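Data first, discussion second: the structure below is written as structure tokens.
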Amino acid sequence: MELSQQQIIAMKRKRGELNLTIKELSKGIGISRWTIDNIFKRNHTNVNTVTFERINNWLIDEYTKNS
């Protein structure tokens, strides 16, 4: 599945707002820190279905916590 640029920007923004390291972010989402590194630094947007769902679920959870 393909991550959109909006999803990547949202991940980066939430990471900054929460002041998380890549390692803390990877634990929170439940994916490898290397996967996050590839998404952020190497613009790899094609991820497997489980990774896509975990990222989306984390983003939804984080945005609904603060609403």
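Mind listing whichever residues of the range 23-36 are in contact (Cβ under 8 Å) with a residue 12 or more places away in the chain and either open to solvent by 40 Å² or more (accessible area, probe 1.4 Å) or more than 15 Å from Ala10 (Cα to Cα) (or both)? Break it down stepwise before answering.
Going through the range 23-36, the residues in contact (Cβ under 8 Å) with a residue 12 or more places away in the chain turn out to be 25, 28-31, 35-36.
Once the filter is applied, which keeps residues that are in contact (Cβ under 8 Å) with a residue 12 or more places away in the chain and either open to solvent by 40 Å² or more (accessible area, probe 1.4 Å) or more than 15 Å from Ala10 (Cα to Cα) (or both), the range 23-36 yields Gly28, Gly30, Ile31, Thr35.
So Leu18 passes all but one of these: (1) under 15 Å from Asn57 (Cα atoms); (2) open to solvent by 50 Å² or more (accessible area, probe 1.4 Å). Which condition number does it fail?
With (1) under 15 Å from Asn57 (Cα atoms); (2) open to solvent by 50 Å² or more (accessible area, probe 1.4 Å) applied to Leu18, the lone miss is (1).
Kindly evaluate Phe40 against the criterion of being of a type outside the set (Lys, Arg), out of contact with any helix residue (DSSP H, G or I) (no Cβ under 8 Å at 6 or more places or on another chain) and surrounded by 10 or more Cβ atoms within 10 Å (Cβ to Cβ).
Values: of a type outside the set (Lys, Arg): yes; out of contact with any helix residue (DSSP H, G or I) (no Cβ under 8 Å at 6 or more places or on another chain): no; surrounded by 10 or more Cβ atoms within 10 Å (Cβ to Cβ): yes.
In short, no.
The values are calculated or read from the model by the stated rules, or taken from the named source; none is laboratory data. The shown structure was predicted, so the numbers you read here are calculated from the model rather than taken from an experiment. Here Cβ is always computed from backbone atoms with ideal geometry, including for glycine, and neighbour counts include all displayed protein chains. Keep in mind that these areas ignore ligands, DNA and RNA; they rest on the heavy atoms of the full protein, side chains included. Shrake-Rupley method; radii C 1.70, N 1.55, O 1.52, S 1.80 Å.
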